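Here is the structure we will look at.
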Amino acid sequence: MTGTPPRLEVRNLVRRFDGRTVVDDVSLTIEAGQVTCLLGPSGCGKSTTLRMIAGVDMQDQGTIHVDGKLICDTVFRIPPERRSIGLMFQDFALFPHLSVAENIAFGLKGAATARVDALLERVSLSGFGPKYPHELSGGEQQRVALARALAPSPRILLMDEPFSGLDERLRDGIRDDTLALLKEEGTAVLLVTHEPHEAMRMADEIALMRRGKIVQQGAPYNIYNAPVDREAAAFFSDINILRAKVQGALTRTPFGEFLAPGVPDGTEVEIVIRPQHLKIDFDRAGRGPNPTPMDGTAARATVERARFMGRESLVEFRMEEGGEMLKATVPAVFLPKPGTVMWLMIRRDRCFVFPSNG
Ligand SMILES: Nc1ncnc2c1ncn2[C@@H]1O[C@H](COP(=O)(O)OP(=O)(O)OP(=O)(O)O)[C@@H](O)[C@H]1O
């Protein structure tokens with residue numbers, strides 16, 4: 001790799017309000033042309049992190065660098081308007097008394113017409129320049145806000161829940177269009193969201209945040225398929241949990257043994273299984289499918305409930321051994337009658353074993 005510094009580098013940011021640590025030692029780097037999603041539940045400190053990077057709030061500890069240059073520590077501080085950082089918020093915050101063209105030109109110096117026209121065309125709003133924000137639909141306002149944020153070609157764009165004000169059915173299309181434009185512009189983007197689906201759709205990298213800390217960071221595939229703990233797994237989908245005790249670095253379940261290396265004997269562990277990783281097979285006169293190394297042992301279970309969810313069916317089973325309830329999703333119409341005996345297997349490579357949190 002070349003020695004080019006990252007576009008944005010945040011090191012060890014801490015922010016306290018009334019003695020409570022709301023952002024707790026957050027570090028992040030974002031490269032040019034990369035979209036990073038700061039993902040976490042409401043109140044975990046995402047917006048506060050963004051506000052410090054924007055310069056509208058100040059950290060109690062830590063540093064922020066852009067292209068290797070210090071823009072803020074606890075003593076030195078470049079004001080927000082000189083950071084070359086663009087902002088886009090949930091409510092779009094367009095100036096109501098300015099036309100669309102004036103809104104987009106707002107952060108530009110000198111002759112701006114060519115850039116405004118090019119951006120209007122790029123967001124499919126050619127001819128909308130003289131209109132006013134109140135004359136636009138939510139989706140059109142979003143595109144104007146995006147064009148305005150990108151007009152001065154900021155080094156970094158910070159986006160705080162930029163799609164949450166939009167009609168659910170329009171959101172995915174708008175997300176895709178927005179992503180395409182962000183990639184063309186080559187800006188480094190930090191996007192705050194509480195929606196895993198949005199992060200999976202938009203992000204090159206996800207930083208998963210919880211109670212002020214980044215608990216895991218990586219490509220969406222890795223975050224989904226190698227979660228650091230049960231909470232991280234549960235943030236992305238419904239999960240099933242099987243509890244079992246460890247004996248000799250192994251734990252026994254109805255689905256066979258699982259490795260639990262380094263876990264002391266007698267410790268309770270949780271085996272986490274996503275509903276789509278349960279495989280269902282029919283009972284053949286009391287016999288089930290033969291075990292494979294990938295799927296391990298099959299276990300008998302009885303259907304308790306089956307519901308059609310539109311894209312998939314959700315089937316709830318009670319395990320014969322142990323009596324635990326497990327949910328399975330099937331990508332089709334599959335509605336077995338309650339009481340039906342079936343066999344379940346699990347994708348062993350997609351299960352996670354974590355020490356029990358009690
Ligand atoms: N100026 C402030 N004074 C006191 N407490 C604050 C202030 N700003 C934020 N907080 C608190 O800090 C915590 C984190 O807030 P923040 O807005 O960063 O979370 P968030 O993850 O962005 O959540 P949301 O998505 O709900 O906005 C919250 O408990 C909030 O009440």
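Looking at the stretch 131-148, can you tell me whether even one residue there is within 16 Å of the ligand (Cβ to nearest atom) and in a loop (DSSP other than H, G, I, E, B)?
Here is the first cut: in the stretch 131-148, the residues within 16 Å of the ligand (Cβ to nearest atom) are none.
Checked against the condition, which is being within 16 Å of the ligand (Cβ to nearest atom) and in a loop (DSSP other than H, G, I, E, B), the stretch 131-148 yields no hits at all.
So Thr178 ticks every box in (1) in contact with a Pro (Cβ under 9 Å, 6 or more places away or on another chain); (2) more than 18 Å from Val123 (Cβ to Cβ) but one. Which box is left unticked?
Single failed check for Thr178: (2).
Which residues, taken from the stretch 1-45, are more than 16 Å from the ligand (Cβ to nearest atom), on the phi < 0 side of the Ramachandran plot and not in a loop (DSSP other than H, G, I, E, B)?
Leu8, Glu9, Arg11, Ser27, Thr29, Ile30, Val35
Rundown of residues vs (1) surrounded by 15 or more Cβ atoms within 10 Å (Cβ to Cβ); (2) within 16 Å of the ligand (Cβ to nearest atom); (3) outside the structural domain of Gly40 (by TED's automatic domain parsing); (4) not in a strand (DSSP E or B), yes/no style:
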residue	(1), (2), (3), (4)
Ala207	yes, yes, no, no
Ile214	yes, yes, no, no
Ala244	yes, no, yes, no
Arg252	no, no, yes, no
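Across the stretch 66-79, what is the number of residues that are more than 14 Å from Ala188 (Cα to Cα) and surrounded by 15 or more Cβ atoms within 10 Å (Cβ to Cβ)?
5
Name every residue in the stretch 216-246 that is more than 18 Å from Arg348 (Cα to Cα) and of a type in the set (A, V, I, L, M, F, W, C), in order of residue number.
Residues satisfying the conditions are Ala219, Ala232, Phe235, Phe236.
Six or more apart or on different chains, Cβ atoms under 7 Å: show the pairs whose first residue is in the stretch 40-57 and over 13 Å from Glu9 (Cα atoms) and whose second is in a helix (DSSP H, G or I) and within 6 Å of the ligand (Cβ to nearest atom).
Gly40/Lys46; Asp57/Thr48
Hey, Met202 hits all of (1) under 17 Å from Leu38 (Cβ atoms); (2) surrounded by fewer than 20 Cβ atoms within 10 Å (Cβ to Cβ) but one; which does it fall short on?
Condition (2) is where Met202 drops out.
Could you please find all residues in the stretch 331-356 being within 24 Å of the chain's Cα centre (by Cα) and free of Cβ contacts under 8 Å to residues at least 60 places away in the same chain?
Across the stretch 331-356, the qualifying residues are Pro331, Asp349.
Checking the conditions here, which among Phe95, Phe106, Phe76 is of a type in the set (Phe, Trp, Tyr), more than 13 Å from the ligand (Cβ to nearest atom) and either assigned by TED's automatic domain parsing to the domain that holds Ser164 or in contact with a Leu (Cβ under 6 Å, 6 or more places away or on another chain) (or both)?
Phe76
Spot the failing condition for Ser153; the list is (1) part of a loop (DSSP other than H, G, I, E, B); (2) in contact (Cβ under 8 Å) with a residue 40 or more places away in the chain, and only one is missed.
Ser153 satisfies all of (1) part of a loop (DSSP other than H, G, I, E, B); (2) in contact (Cβ under 8 Å) with a residue 40 or more places away in the chain except (2).
For the stretch 60-92, give me each residue that is outside any strand (DSSP E or B) and under 24 Å from the mean Cα position of the chain (by Cα).
The answer is Gln90, Asp91, Phe92.
Among Gly55, Gly62, Gly40, which is within 21 Å of Leu179 (Cβ to Cβ), buried (at least 17 other Cβ atoms within 10 Å of the Cβ) and either small (Gly, Ala, Ser) or in the same structural domain as Leu179 (by TED's automatic domain parsing) (or both)? Show your work before the answer.
Values: Gly55 fails: within 21 Å of Leu179 (Cβ to Cβ); Gly62 fails: within 21 Å of Leu179 (Cβ to Cβ).
One residue alone meets the criteria, Gly40.
Condition first: among the charged types (D, E, K, R), outside any loop (DSSP other than H, G, I, E, B) and surrounded by fewer than 20 Cβ atoms within 10 Å (Cβ to Cβ). Now tell me which residues in the stretch 156-170 satisfy that.
Scanning the stretch 156-170 gives Glu168, Arg169.
Under 6 Å between Cβ atoms, at least 6 apart or on separate chains: pull out the pairs that start in the stretch 66-79 with a residue that is within 17 Å of Arg51 (Cα to Cα) and end on any residue that is β-branched (Val, Ile, Thr) and in a strand (DSSP E or B).
Pairs found: Ile71/Ile64; Cys72/Ile64; Asp73/Thr63; Ile78/Ile71.
Only one of (1) at positive phi; (2) modelled with pLDDT under 95 is not met by Ala54, so which one is it?
Condition (1) is where Ala54 drops out.
Considering only the stretch 80-92, state which residues are of a type in the set (Lys, Arg) and in contact (Cβ under 8 Å) with a residue 24 or more places away in the chain.
Arg83
The values are calculated or read from the model by the stated rules, or taken from the named source; none is laboratory data. Everything quoted here is computed from the prediction, not taken from an experiment. Cβ atoms come from the backbone with ideal geometry, glycine included; neighbour counts cover every protein chain shown.
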